[in-house]
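Below you'll find the structure, written out as structure tokens, and then a few comments.
Every number in this text was worked out from the coordinates using simple rules, so none of it is lab data. What you see is a predicted model, and the numbers here were worked out from it, not measured in a lab. In this analysis, Cβ positions are derived from the backbone assuming ideal geometry, glycine residues included, and neighbour counts consider all displayed protein chains.
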């Protein structure tokens, strides 16, 4: 009885403090990030396999770090990035982009970091011939290649949006409408709920840009010059081409075909 009473006293004394500490942890950005990362591991392991989940999460971390690096490079404060189950990842800036060039640079950085990761894994595969290295290279390349599809809010869509908006507002808005239509058609044709989520966010992107142009005659994001626009479009062509080459080099590996079928049937 004495021991039980002592335990009750200790619990009564420490309980409120532990609850307070737990509350602070829940409000902590790091705790939220850790929680979402943990949920992502569970979600992707359940949806696919733990091997695919591991490669996917490492690829997402490197990809999103590319966005964070680019934000810091142009002087944008950032809260880092979050891994979001069934969605992917999101790098969070603390201010809006000051120009279309800033947005394009940040959007392009993620797939470029992904390309570097895929190229390194593929080089190791060529050097050592281990199928797991080739499979990882192919998976990373496929995931980043999908992200370069010209549909907002995917990075490819953001890059094309910045370029077309710099050509002209009407051209940019038509591109955004076309990306929504493309996403909806892809969702119906492939019966993919993942593409459906992308289509929903694409609609939000269109409404945001429409609101910006409706209430701001001269949009707050300054347009790129003709040279910058051409450079952005050339970069957009080069990165997916390089990613496609890595995928092509790994197609003989069964695991890479599995990764492509998972994305197709998702």
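The table that follows gives values for the structure above.
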item: Descending principal axes extents, the range 133-213, alpha-carbon based, whole Å; result: 46, 26, 16
item: Burial ranking of peptide ranges 125-131, 138-144, 69-75, 194-200 (average Cβ count within 10 Å, highest at the top); result: 138-144, 194-200, 69-75, 125-131
item: Residues residue 79 and residue 54, FRET efficiency given R0 of 22 Å [Cβ-Cβ distance, rounded to 0.05]; result: 0.30
item: Euclidean distance of C-alpha centroids, the range 159-214 and the range 134-158, integer Å; result: 17 Å
item: Chain lengthening between residue 177 and residue 200 when straightened (0.36 nm per residue, less Cα-Cα); result: 7.1 nm
item: Label-point separation in nm, residue 244 to residue 126, each point 7 Å along Cα→Cβ; result: 1.9 nm
item: Coordinate range along principal axes, alpha carbons of the range 62-177, Å, largest first; result: 50, 30, 26
item: P(r), alpha carbons of the range 49-265 - 10 Å bins starting at zero, rounded %; result: 8, 32, 37, 18, 4, 0
item: Residue 116-residue 207 pseudo-label distance in nm [points 7 Å out on the Cα-to-Cβ vector]; result: 3.7 nm
